[in-house]
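Inspection log for the structure reproduced underneath, given as structure tokens.
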Amino acid sequence: MKNPKDQIEQLRSQLHEHNHNYYILSEPTISDFEFDSLMQQLIDLENQYPEYNDVNSPSKRVGSDINASFQQVEHSYPMLSLQNTYSHEEVSEFYNRVKRALNEDFEIVCELKFDGTSISLIYENGRLTRAITRGDGKEGDDVTDNVRTISSVPLLLRGDNVPEHIVFRGEILLPWSVFKQLNKEREQQNEPPFANPRNAASGTLKQLNPKIVASRKLDSYIYFMLGDVLPTGSHFENLKVASKWGLKVSKANKKCTSLQEVYEFLAHWDVERENLPVATDGVVLKVDSLQQQRNLGFTSKFPRWAIAYKFSAEQAITKLESVTYQVGRTGAVTPVANLEAVLLSGTTVRRASLYNEDAILALDLHIGDNVYVEKGGEIIPKITAVDKDARQPEGEKIIFATHCPACSAPLVRDEGESAHYCPNATGCPPQIKGRIEHFVSRKAMNITVGPETISLLFDNKLLHDVADLYDLTYSDLINLERWGETSTNNLLQSIEQSKSVSYERALFALGIRFVGETVAAKLAHAFPTINLLREATLEELMNVDEIGDRIAQSVVDFFNNENHLNVVNRLQSHGLHFALSDESLSSKTDKLEGKTIVISGVFSLHSRDEYKAMIIQHGGKNTGSISKKTDYILAGDNMGPAKLEKGEKLGVKIIDEQTFLKMIE
Ligand code: IVH
């Protein structure tokens, strides 16, 4: 029998290999079941022998459940953007400019322009050590923990000849399929849908919870390599090497030797991109030779050796028939344009988002107008322009609704806000139903009841607020139209089960404005019972890490409202958990009370996330950057020299893993 260390290493290398086969080559050699069972063996062994912990273990891809706060990191090479062009003429101007400047033969690499969010990946001795977002181009957020969950980003490079230090630039993407599913779920939970996969990808990457990131199945493509020593003098060849090292490089990349070939690439992918699993918004053209790239250099903003050609967003003209308004659970009123059906990018469009009053005024919309609708990367089409010349004199100007379309209450628009609200929170049906839908949603109380049933119960006056759910009886339900014994018992059972949902989730379920899942958990830990939270002052709330004035004010407002207090009291009397569980409480100590700790470097005994959790659990505060307020730096291996220097200058105590663990023992 092998020793556990060897067993762990063997499993890790097998799993790295299978990940590569699956995510990079798309040629898995084992079944999902076999993969899962290897992974389980590894996880079991790692749990049994924590001394062999490794942040780059394939098991770490599942993401830990702890919140991370991002640290700002300087890019070793600035992250530039490209000049955009929109026509063949501009492409030909670029080509000729390069030709004149170089005055020798050159080749152009054509690549797809992936429409996600850019990332810089740093590998040291073949290990992924950092992933940084673009930020302002000079420095970005350290999102390493999140990027580690992306299956197509290798944690370890493959092959023997990997350089000591190498940087890759690429794009993180949310595939269309995941995007559509995600938006479906968000709508069910009354959260605003993401406008396009790009926003969803960058939103996901900035998620504080790596477990959520892991669940979103992000993808990646690498399009650039940087370092003191590079494998070859050709960009195209270097990307091929990157692909051998295990990074995902697009197979579409093509080296062209004439403008004609470039045009062919543009024409081919303008159509073919519809069949790709991820969003693209154009083509990037790059001079292949690195020496020629250096000779061409940069303008103040862009490289002279590359440009982006953007595909034109598909447009259609149709007629605006009417504007209607939707009311969400928070009372926000969103205008929707109802259009004469028109075909756009292969789907029939009947509605377009109009955002808010200002957007309508900016377009100067009238009923019957001929409007241009565009889809771009967006799923919900938008109106981009109006053909005013074709306007009919009888077409009435759109004036934003003054009263709620659902309950007729006069709408309000707060100073400095763009949205209109219906203030009738307790009497406006879509708001009431929306709040109940949110309350029962999977991540909240997880009660299995759909929007139609909620509507039915509301119409039958059985539900007016979320607490009414717990008053529902067998005879209430069995008498409903088309309801049988099974559906009645199932719903009652599901409601009963929901009483065991944790305080954190119950707090999220209440639907306090700006209090999402993460914030709810934060608040629950800072105020371990709802009575404490209810008594909390604005100031006490704002003292909680990451709670700003907007959230704090919203919590205060919520508990200042008689109706809300009444609902919370009733929920409490029904036995919902409104206190942190003993389990969460008992492992808590105040050994690090008042201490601010920065974590830096690579650790061997526990993961970074585990250390973060320990700090919070023992009453300390974990922050990203070193300042006068920092008490300790918990330092692992390879801590950055800049940090070390700053810590020493400010006289911050630097402690290692063992010392830290002793402190909380
Ligand atoms: S090259 C100096 N290649 O488009 C070279 N960029 O404005 C910099 N992008 O922010 C970028 N696909 O995030 C390059 N094949 C590709 C790309 C690509 C997408 C993004 C990138 C950058 C933006 C350019």
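The values are calculated or read from the model by the stated rules, or taken from the named source; none is laboratory data. Computed from a predicted model, the values in this text were never measured in an experiment. Quick reminder, even Gly has a Cβ in these numbers, built from the backbone with ideal geometry, and neighbours come from all protein chains shown.
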Problem set entry | Checklist (1) in contact with a strand residue (DSSP E or B) (Cβ under 9 Å, 6 or more places away or on another chain); (2) closer than 28 Å to PHE514 by Cα applied to HIS165, failing item | (2)
For this session: For LEU182, indicate whether it is aliphatic (A, V, I, L, M) and within 16 Å of the ligand (Cβ to nearest atom).
Result: no
Exercise. LEU226 passes all but one of (1) of a type in the set (A, V, I, L, M); (2) farther than 22 Å from PHE106 by Cα; (3) under 33 Å from the mean Cα position of the chain (by Cα); which number fails?
Worked result: (2)
Exercise. Could you give every pair whose Cβ atoms fall below 6 Å, whose first residue belongs to segment 104-118 and is within 11 Å of ALA252 (Cβ to Cβ), and whose second residue is of a type in the set (A, V, I, L, M) and near the ligand (Cβ under 9 Å from one of its atoms), counting only separations of at least 6 or pairs across chains?
Worked result: CYS110/VAL283; GLU111/VAL284; LYS113/VAL283; LYS113/VAL284; LYS113/ALA308
Exercise. Which of (1) more than 16 Å from the ligand (Cβ to nearest atom); (2) of a type outside the set (Ser, Thr, Tyr); (3) without any contact (Cβ under 8 Å) to a residue 12 or more places away in the chain is the odd one out, the single condition ASN199 does not satisfy?
Worked result: (1)
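Picking from LEU565, LEU571, LEU634, which residue would you name as being in contact with a helix residue (DSSP H, G or I) (Cβ under 7 Å, 6 or more places away or on another chain), free of Cβ contacts under 8 Å to residues at least 40 places away in the same chain and part of a helix (DSSP H, G or I)? I'd like the intermediate steps shown before the answer.
On the way: LEU571 fails: free of Cβ contacts under 8 Å to residues at least 40 places away in the same chain; LEU634 fails: part of a helix (DSSP H, G or I).
Just a single option satisfies the conditions, and that option is LEU565.
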Exercise. Are any of the residues in segment 459-466 under 30 Å from the mean Cα position of the chain (by Cα) and not aromatic (Phe, Trp, Tyr)?
Worked result: yes
For this session: Run VAL241 past the list (1) crowded, with 16+ Cβ neighbours inside 10 Å; (2) within 21 Å of SER120 (Cβ to Cβ); (3) within 15 Å of the ligand (Cβ to nearest atom) and report the number of the one that doesn't hold.
Result: (3)
Seminar exercise, completed: When restricted to THR280, THR324, THR257, the only residue farther than 30 Å from GLU104 by Cα and more than 16 Å from the ligand (Cβ to nearest atom) is THR324
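May I ask you to say which residue of SER220, SER243, SER234, SER250 is polar (S, T, N, Q), at pLDDT 90 or above and in contact with a Gly (Cβ under 7 Å, 6 or more places away or on another chain)?
Of SER220, SER243, SER234, SER250, the one residue that is polar (S, T, N, Q), at pLDDT 90 or above and in contact with a Gly (Cβ under 7 Å, 6 or more places away or on another chain) is SER220.
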Exercise. Looking at (1) in contact with a strand residue (DSSP E or B) (Cβ under 9 Å, 6 or more places away or on another chain); (2) closer than 30 Å to ILE512 by Cα; (3) not aromatic (Phe, Trp, Tyr), which is the one condition that is false for ASN338?
Worked result: (2)
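Out of everything in segment 420-433 that is in contact with a Ser or Thr (Cβ under 8 Å, 6 or more places away or on another chain) and part of a helix (DSSP H, G or I), what residue ends up being surrounded by the fewest Cβ atoms within 10 Å (Cβ to Cβ)? Break it down into steps so the answer makes sense when it comes.
To start, the set of residues in segment 420-433 that are in contact with a Ser or Thr (Cβ under 8 Å, 6 or more places away or on another chain) comprises 421, 431-433.
Imposing the further condition that a residue be part of a helix (DSSP H, G or I) reduces the set to 431-433.
Numbers: GLN431: 25, ILE432: 23, LYS433: 21.
Among those that are in contact with a Ser or Thr (Cβ under 8 Å, 6 or more places away or on another chain) and part of a helix (DSSP H, G or I), it is LYS433.
Can you tell which of TYR474, TYR470 is surrounded by fewer than 18 Cβ atoms within 10 Å (Cβ to Cβ) and in contact with a His (Cβ under 6 Å, 6 or more places away or on another chain)? Explain how you work it out, then say what you get.
Details: TYR474 fails: in contact with a His (Cβ under 6 Å, 6 or more places away or on another chain).
None of the others qualify; the one that does is TYR470.
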For this session: Being surrounded by fewer than 16 Cβ atoms within 10 Å (Cβ to Cβ), at pLDDT below 95 and charged (D, E, K, R) is the filter here, so list the residues in segment 477-511 that pass it.
Result: GLU481, ARG482, GLU485
Seminar exercise, completed: Residue count, segment 455-509, condition touching a residue at least 60 places away in the same chain (Cβ under 8 Å) and part of a loop (DSSP other than H, G, I, E, B), comes to 3
Exercise. In segment 43-64, is there at least one residue being out of contact with any Asp or Glu (no Cβ under 7 Å at 6 or more places or on another chain), without any contact (Cβ under 8 Å) to a residue 12 or more places away in the chain and over 30 Å from VAL283 (Cβ atoms)?
Worked result: yes
Problem set entry | Evaluation of GLY297 against (1) under 32 Å from the mean Cα position of the chain (by Cα); (2) among the small types (Gly, Ala, Ser); (3) within 13 Å of the ligand (Cβ to nearest atom) (one fails), failing number | (1)
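Inside segment 308-339, can you point out the residues that are of a type in the set (Gly, Ala, Ser) and in a strand (DSSP E or B)?
Selection gives ALA308, ALA316, SER322, ALA332, ALA337.
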Exercise. Using beta carbons and a limit of 6 Å, which pairs, at least six apart or on different chains, have the first residue in segment 7-31 and closer than 13 Å to VAL153 by Cα and the second one among the charged types (D, E, K, R) and exposed (fewer than 14 other Cβ atoms within 10 Å of the Cβ)?
Worked result: ASN21/GLU27
For this session: Kindly state which strands (runs of 3 or more DSSP E) lie completely within segment 74-141 and contain at least 1 residues that are among the acidic types (Asp, Glu) and either away from the ligand (no atom under 12 Å from the Cβ) or modelled with pLDDT of 95 or more (or both).
Result: 108-114, 117-124, 139-141
Exercise. Could we say that ILE8 is surrounded by fewer than 17 Cβ atoms within 10 Å (Cβ to Cβ) and closer than 23 Å to THR144 by Cβ here?
Worked result: no
Exercise. Are there any pairs with C-beta distances below 7 angstrom linking a residue in segment 255-276 that is under 22 Å from LYS240 (Cβ atoms) and in contact (Cβ under 8 Å) with a residue 12 or more places away in the chain to a residue that is surrounded by 12 or more Cβ atoms within 10 Å (Cβ to Cβ) and small (Gly, Ala, Ser), with the two at least 6 apart or on different chains, and if so which?
Worked result: TRP269/ALA252
Exercise. Within segment 183-232, which residues are among the β-branched types (Val, Ile, Thr) and closer than 24 Å to GLU546 by Cβ?
Worked result: THR204, ILE212, VAL213
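Answer with yes or no whether LYS629 is more than 29 Å from the chain's Cα centre (by Cα), in contact (Cβ under 8 Å) with a residue 24 or more places away in the chain, loosely packed, with under 15 Cβ neighbours inside 10 Å and under 30 Å from LYS646 (Cβ atoms). Let's see the steps before the verdict.
On the way: more than 29 Å from the chain's Cα centre (by Cα): yes; in contact (Cβ under 8 Å) with a residue 24 or more places away in the chain: yes; loosely packed, with under 15 Cβ neighbours inside 10 Å: yes; under 30 Å from LYS646 (Cβ atoms): yes.
Yes, satisfied.
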For this session: Can you run down the residue pairs with Cβ atoms below 9 Å, 6 or more apart or on separate chains, where the first is in segment 533-555 and in contact (Cβ under 8 Å) with a residue 24 or more places away in the chain and the partner is among the hydroxyl-bearing types (Ser, Thr, Tyr)?
Result: ASP545/SER69; ASP545/THR623; GLU546/SER69; GLU546/THR518
For this session: Working only within segment 144-172, note down all residues that are in a loop (DSSP other than H, G, I, E, B), surrounded by fewer than 23 Cβ atoms within 10 Å (Cβ to Cβ) and within 16 Å of the ligand (Cβ to nearest atom).
Result: SER152
